[in-house]
1. Please report the orientation-averaged projected area of the range A:425-483, defined via the convex hull of its C-alpha atoms, in nm².
2. Using the Karplus curve 6.51 cos²θ - 1.76 cosθ + 1.60 with θ = phi - 60°, work out ³J(HN,Hα) for each residue of the range A:271-284 in order, rounded to whole Hz, and write x for Gly and Pro.
3. Tally Lys/Arg at +1 and Asp/Glu at -1 over every other residue whose Cβ is under 15 Å from the Cβ of A:K450; what's the total?
4. DSSP loop (so not H, G, I, E, B), at most 16 other Cβ within 10 Å: list which trypsin sites (Lys or Arg not before Pro) in the range A:438-484 pass both filters.
5. At most 16 other Cβ atoms within 10 Å and a DSSP loop assignment: could you name the GluC sites (Glu not before Pro) in the range B:1-89 that fit?
6. At q = 0.06, 0.07, 0.10, 0.13 Å⁻¹, what is the base-10 log of I(q)/I(0) for chain A according to the Debye formula with one equal point scatterer per Cα and no solvent? Please give it to two decimals.
7. Averaged over its residues, how many other protein chain Cβ atoms are within 10 Å of peptide A:78-89's Cβ atoms?
8. Averaged across orientations, what area in nm² does the convex hull of the alpha carbons in the range A:298-417 project?
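Quick note: the coordinates plus some simple rules give every number you see, no bench work behind them. Values in this document were obtained by computation on a predicted structure and should not be read as measured data. Positions of Cβ are generated from backbone atoms using ideal geometry, with glycine treated the same way; all protein chains shown enter the neighbour counts.
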Amino acid sequence: MAEWEAVIGLETHIQLSTESKIFCRCRADSWGQPPNTNICPVCCGLPGVLPVLNRGVVEKAVRLAAAVHATIAETSYFARKNYFYPDLPKGYQISQYDEPLARGGYFDLPLPGGATRRLTIQKLHLEEDAGKTKLAGGQRYVDMNRCGVPLVEMVTGPDLRSADEAAQYLIRLRQLLRWLETSEANMERAQLRCDANVSIRPAGAIHLNPKTEIKNVNSIEAVRDAIAKEIQRQVREVESGGQVEAWTLEWDEDAGMLRKMRAKETEGDYRYFREPDLLPIRLDEAWRTRLLATMPELPLERRARFVREYQLPEYDAEILTEERSLSEYFEAAARAYSGEAKRVSNWMMNDVLRLVREHPQQAGQPQTAALAGLTPAHLAEILTLVDSATVTLATGKALLEKVIATGTPPRAIVEREGLAQISGAGALEDICRQAIAENPEQATQYRAGKTTLLQWFVGQVMKKSRGKANPQETAHILEKLLVG
Amino acid sequence: MQLCDLTAHEIVERLRRGETSAEAVLDSVLARIAQVEGRAPRTAPYPPSAEEQAEDRRHVHAYISLQAERARERARSIDQARARDEALGPLAGVPLAVKDIFCVEGTPSTAASRMLEHFVAPYSATSVTRLEAAGAVVLGKVNLDEFTYGSSNESSAFQPPVGNPWDPSRVPGGSSGGSAAAVAAGEAVLSIGTDTAGSIRQPAAFCGVVGLKPTYGRVSRYGLIAFASSIDCVGPLTRDVTDSALMLGAMAGADPQDGTAASVPVPDYQAELEAGVRGMRIGLSPDYFRIQYPDAKTGELREQEIDPQVKAAVLDAAQRLAGAGAEIVENVPMPNTRYGIPAYFVVARVEAASNLHRYDGVKYGHRTARPMADLRAMYRASRGEAFGVQPKLRILMGMYVSAAQYEKHYYQRALRVRTLIRGDFEAAFDPAGLHRLDALLAATTPTTAFELGALYGDSVLMQYADLLTVPADHAGVPALSIPAGLDRGGMPIGIQFMARDFDEARLFRLGRAYEMSTAAEAWRSARPKVLGGG
């Protein structure tokens, strides 16, 4: 294998998260709906109907194009891709062809070890999805719910060099799509689909060999597996004196293997021509400016800035920028907090993220939705309460969930529930005395030399004080009382 | 003169004055239909016996389906509204025949094809909805060439074919032949048609009625079963220019269901209808006094003068308009006119083949009754059984010229020719140019209506019947065909005006001026043969 290099390009289909379909008013997403319940004469291609372009589709696609540094066409056109299939109700797919929305961008893919691979983005174009067909009991069933779902097709150059890189690209692409609210990008729901073009060549060569195309892979793991298997197959083929033929392969998820598709299903002259039912997309300066003015900072830029501006370790910055709402949450909390940002980061990575993951999430919702009442300012306030020793660390952590549930400011909860830290000789000493009195056996053992029991006694005091006792002071008092 | 022979504006006027009712108008039209229509067209094999055929050639056969009950309900509700003193729409109570290429909710919408023989549309075309909102009463769906593919109505799957009311052994023209014949024979007062190469104007000329092809995008195409989407125009067929203006006013304008319907404001076409033509510059072009076509065997370009009687009618119209104060500009070159048909042949067929893809037997329309194990075999059998010869020819040619290896030679070149033809009009209408025309005046057709069967089967020659109408379709400019007398055989002659984009108001002024200048002519009171004339 060492003498071979894999050359991989990915063609992704991205379902845009608009309210309605690309050319009619049906809802764009019909995941889980019974077949043929989210359809209308337009998406079913009845005689005489006409498509009307959803501007929201263009807007989402333009922002994605800008994020991958592509050149956005001032004028782009729709075309008809003609072919017959039962789930293609018009007998042609409305797509873009010779004049797509955008061309010529790039995507910087961070690789393990700190390097970056710059992938070329050849083009982005808009198109409508087709429906689904299913064979069962010798019958062919058609579901048109997906007909007219808005898609962006984004094609990379042959720039990826391994199955792992391909998987990494999809992870980073998914991050970007969710970040920009372009797509929910859930591969299992076919909101992000991927075809892979795979070839091999001697390491260091610069020519391209015949490639195979892998279709129908619907998870990142499957993309990695399918590409890895195909690279192995091509190497075996070539090393045994054979040749790689330009096949189209289909990934069989259940069997975990690739199958050659019948030639009939793949060849064809689509007889493209300009779609006469739609006007060209003209992105005038005002529209473009308005769209790009609201572009958010992108994940990798934000990651770098977090390192620079908040002195976070790369690791923290990476985790905090995995998702946009989380990064915004961090930044808002760090700004509201007067101490070091790293402390906010620690709390977020240790506690806040655990809480986020414990809360079941609705598809398409930002992660911070799980934090409900806990605003970034509240988080900063909890940290301040802990820093000033107003509450113990344990109380501080317990406050997180209380604030999530109620939205009440942490300081108000502390006052109302009397959660302020107990310290000073009086109150704390009484609790310590009680703890010793209630556990004479352990006290005797301690005095007999088993001093490790001190921490156990601290625990008892914490329990009795419901976490409010200052742990250092408690240990100090207990030590004194147990000895005496 | 029956109620059904009145124009729309006369009917609305009488209705407003309470002199008649919508129901009485409807009854009059239905009586006329019973009188002249003949047996209803069917998809059964044709021709029948010689005797039956002879009988068929004495009748009009305009309607594929009549919705008399639906019409009566509408007429009654209009009469009730009038009884309550409610305001009446501009077309209140006027019987309307809809070319059966438009979807009308709840009615069979067949496109004159076996493919859609049993298709009942679940929605109405925007243009039809707007006419109904203006008060028009839809009577039924009228015949056409299958999917509008033809210029004689003979290719309809529904036979007997429509006969020309002026002589039912002749064609009514096409593809809006049922529309033109119905309006000419008093079987409807208005009809809505479509024009892709002349499909409104040519039958209007052959049947002696007024036909307007508006600017591309002036009227929504939503609900119109598509032929060549980049060219198809929806327009009125009427008895006079005033009705044409009324009807366009009711239909035109932007439509949220058609992105290609222009948002250009719709003027009040009635306001300046009789403002006259003084100072207008009207062009005549030698390229519209001859037809040029390739010889079927050698491919050499042949040239032929148009029928001298038709030419004389154009020159007479020019003289009358000059008399009314217009300036006639002769010898305006329109050099790319000759390429109109070949370019149309390519562009329209590529789009038509694609537009016919959806008829695959899967969702609606005809599906073969034979059991099929293979999907492709099912497609082939369904389409093979249900499409007539014209759709099949168009699919074959359309697929051929759009195939990857030929597309550059044919489709791309045809699109460039379209641009050249558009350039002819832009040069002629250029306010800073040599000719500075306000309108171009020409014959609508090279000849008057030909005999049934005379050209059918020669799809190349048939197409050249559209040579003078197709340039306006390519260019997208509006064109109005109006009756301009009868030939020696008593068949109507049509002339047309073409103008700048969205300048329909000027066409109406020209047409109205011509009508007024010929009001006293004997041919104005001639009646079609089926009504006892000729």
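1. Numbers: hull surface 13.3 nm².
One quarter of the hull surface, i.e. the mean projection, equals 3.3 nm².
2. 6, 4, 8, 4, 6, x, 7, 10, 6, x, 7, 10, 9, 6
3. Numbers: positive: A:R447; negative: A:E441, A:E479.
Charge balance in the 15 Å sphere: -1.
4. On the way: sites: A:R447, A:K450, A:K463, A:K464, A:R466, A:K468, A:K480; in loops: A:K450, A:R466, A:K468.
Filter output for the range A:438-484: A:K450, A:R466.
5. On the way: sites: B:E10, B:E13, B:E19, B:E23, B:E37, B:E51, B:E52, B:E55, B:E69, B:E73, B:E86; in loops: B:E19, B:E37, B:E86.
Sites meeting the loop and neighbour criteria: B:E19, B:E86.
6. -0.42, -0.54, -0.87, -1.22
7. On the way: counts 0, 0, 7, 1, 7, 1, 8, 4, 7, 1, 4, 6.
Other-chain Cβ atoms within 10 Å of each residue's Cβ, averaged: 4.
8. Values: hull surface 28.5 nm².
About 7.1 nm², averaged over all directions.
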